[in-house]
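The values are calculated or read from the model by the stated rules, or taken from the named source; none is laboratory data. Remember, it's a predicted structure, so these values are computed and weren't measured experimentally. Methodologically, a virtual Cβ is constructed for each residue, glycine included, from the backbone with ideal geometry; neighbour enumeration extends over all protein chains shown. We work out accessible area using only protein heavy atoms, side chains counted, and drop any ligands, DNA or RNA first. Shrake-Rupley method; radii C 1.70, N 1.55, O 1.52, S 1.80 Å.
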Amino acid sequence: MGGVAIVFFGPPGSGKGTQASRLAQKMQLPQISTGDLLRYHVGAGTEIGKIAKPIMESGNLVPDELVTQMLRERLKQDDAICGALFDGYPRTTAQARSLDALLAETGKSVLVVLHVDVPDEAIVDRLAKRAQIEGRADDTPETIRARLRVYREKTAPVAGYYEAQGLLVTIDGDRTIDEVFSEVDSVVYQRLVQPAPA
Ligand code: AMP
């Protein structure tokens, strides 16, 4: 059966998680954050967590196969039957292809990719603030720099993958949460009414 898959795409600290969480509430769909899933595995000390921990602390990407395996399990849960919002995934073109394949298994496809765009200066500021509030282990200045570099090298090219399919919509994320959300909401509504041609 069909279902809705929406991808939130953007650099660390762009606010994509906040936007995904608001849309998830409104659409009554689960927000699937691979970062949160990995932090859960690290906290629980699973095999995946043991492999992921040092990689996450360095700001690098966890291997694609591991992320895909974790996501396959997550998508089997009942709450994802009607679809999901993806936050911080896919982060490589290989992951984007895996997501297409995983969704196709249950007759779903990506409806739209919301690229939340924020200038680098604003990101460094936001991440420094988040570090104070949340105390995330990977929000230190060196890791922030490493994560931005990894984003540019490995994740930014994913935009081209989706742009070629007419799925990418870039949204100015350097505004208030409400302003950004109002655009997110209207873009999603438009796509639900009129999806991109296959
Ligand atoms: P996030 O919370 O999305 O910023 O992710 C925190 C860290 O988890 C990243 O810096 C990566 O080390 C790892 N991570 C999260 N999602 C992925 C993914 N889709 N692919 C590879 N690594 C990921």
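Can you name the residue in the range 140-152 that is closer than 15 Å to S14 by Cβ and of a type in the set (V, I, T) and is also farthest from the ligand (Cβ to nearest atom) among such residues?
Residues of the range 140-152 that are closer than 15 Å to S14 by Cβ, as a first pass: 144, 147-148, 150-152.
Those left that are additionally of a type in the set (V, I, T): 144, 150.
Working: I144: 10, V150: 7 Å.
The extreme case among them is I144.
Tell me the residue from F86, F9 that is within 19 Å of L167 (Cβ to Cβ), modelled with pLDDT of 95 or more and in contact with a His (Cβ under 9 Å, 6 or more places away or on another chain), please.
Testing whether each residue is within 19 Å of L167 (Cβ to Cβ), modelled with pLDDT of 95 or more and in contact with a His (Cβ under 9 Å, 6 or more places away or on another chain) leaves just F9.
Within the bounds of the range 25-37, is there any residue that is more than 14 Å from the ligand (Cβ to nearest atom), more than 13 Å from the chain's Cα centre (by Cα) and surrounded by 20 or more Cβ atoms within 10 Å (Cβ to Cβ)?
Narrowing the range 25-37 to residues more than 14 Å from the ligand (Cβ to nearest atom): 25-30.
Subsequent filtering for residues that are more than 13 Å from the chain's Cα centre (by Cα) retains 25-29.
Filter once more, so that each one left must be surrounded by 20 or more Cβ atoms within 10 Å (Cβ to Cβ): 29.
Yes: one or more hits.
To keep it simple, each residue is scored yes or no on (1) open to solvent by 70 Å² or more (accessible area, probe 1.4 Å); (2) under 17 Å from F9 (Cβ atoms).
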| residue | (1), (2) |
| --- | --- |
| T92 | no, yes |
| S109 | yes, yes |
| A128 | no, no |
| D138 | no, no |
| K154 | yes, yes |
| A159 | no, yes |
| Y162 | no, yes |
| E179 | yes, no |
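Got a number for residues in the range 127-163 being outside any helix (DSSP H, G or I) and either touching a strand residue (DSSP E or B) at 6+ places or on another chain (Cβ under 9 Å) or free of Cβ contacts under 8 Å to residues at least 12 places away in the same chain (or both)? Working first, answer last.
Filtering the range 127-163 down to residues outside any helix (DSSP H, G or I) leaves 135-140, 156-157.
Now drop any that are not either touching a strand residue (DSSP E or B) at 6+ places or on another chain (Cβ under 9 Å) or free of Cβ contacts under 8 Å to residues at least 12 places away in the same chain (or both), which leaves 135-136, 140, 156.
So the count comes out to 4.
Return only the number of the condition from (1) modelled with pLDDT under 95; (2) surrounded by 17 or more Cβ atoms within 10 Å (Cβ to Cβ); (3) within 14 Å of S14 (Cα to Cα) that G173 does not satisfy.
(1)
If you take the residues in the range 113-126 that are closer than 14 Å to R152 by Cα and in a helix (DSSP H, G or I), which one is least open to solvent (accessible area, probe 1.4 Å)?
Out of the qualifying residues, it is I123.
Conditions: (1) farther than 18 Å from V150 by Cα; (2) out of contact with any Leu (no Cβ under 7 Å at 6 or more places or on another chain). L85 meets all but one. Number of the miss?
(2)
Are any of the residues in the range 83-92 within 15 Å of the ligand (Cβ to nearest atom), farther than 19 Å from G173 by Cα, of a type outside the set (G, A, S) and over 12 Å from the mean Cα position of the chain (by Cα)?
No, the range 83-92 has no match at all.
Cβ-Cβ under 9 Å, sequence separation 6+ or interchain: first residue in the range 174-198 and farther than 15 Å from G17 by Cα, partner modelled with pLDDT under 95 and open to solvent by less than 70 Å² (accessible area, probe 1.4 Å). Which pairs?
V188/V4; L192/V4
Within the range 1-112, which strands (runs of 3 or more DSSP E) (wholly inside it) include 1 or more residues that are aromatic (F, W, Y) and touching a residue at least 60 places away in the same chain (Cβ under 8 Å)?
On the way: elements: 4-9, 31-33, 83-87.
Counting at least 1 such residues, we get 4-9, 83-87.
Can you go through E57, E65, E73 and tell me which one is over 15 Å from the mean Cα position of the chain (by Cα), open to solvent by 50 Å² or more (accessible area, probe 1.4 Å), within 15 Å of the ligand (Cβ to nearest atom) and under 20 Å from P11 (Cα atoms)?
Values: E65 fails: under 20 Å from P11 (Cα atoms); E73 fails: under 20 Å from P11 (Cα atoms).
From the options E57, E65, E73, the qualifying one is E57.
For the range 130-139, which positions are among the small types (G, A, S) and near the ligand (Cβ under 10 Å from one of its atoms)? Step through it out loud before you land on a result.
The initial filter retains those residues of the range 130-139 that are among the small types (G, A, S), namely 131, 135, 137.
Once the filter is applied, which keeps residues that are among the small types (G, A, S) and near the ligand (Cβ under 10 Å from one of its atoms), the range 130-139 yields only A137.
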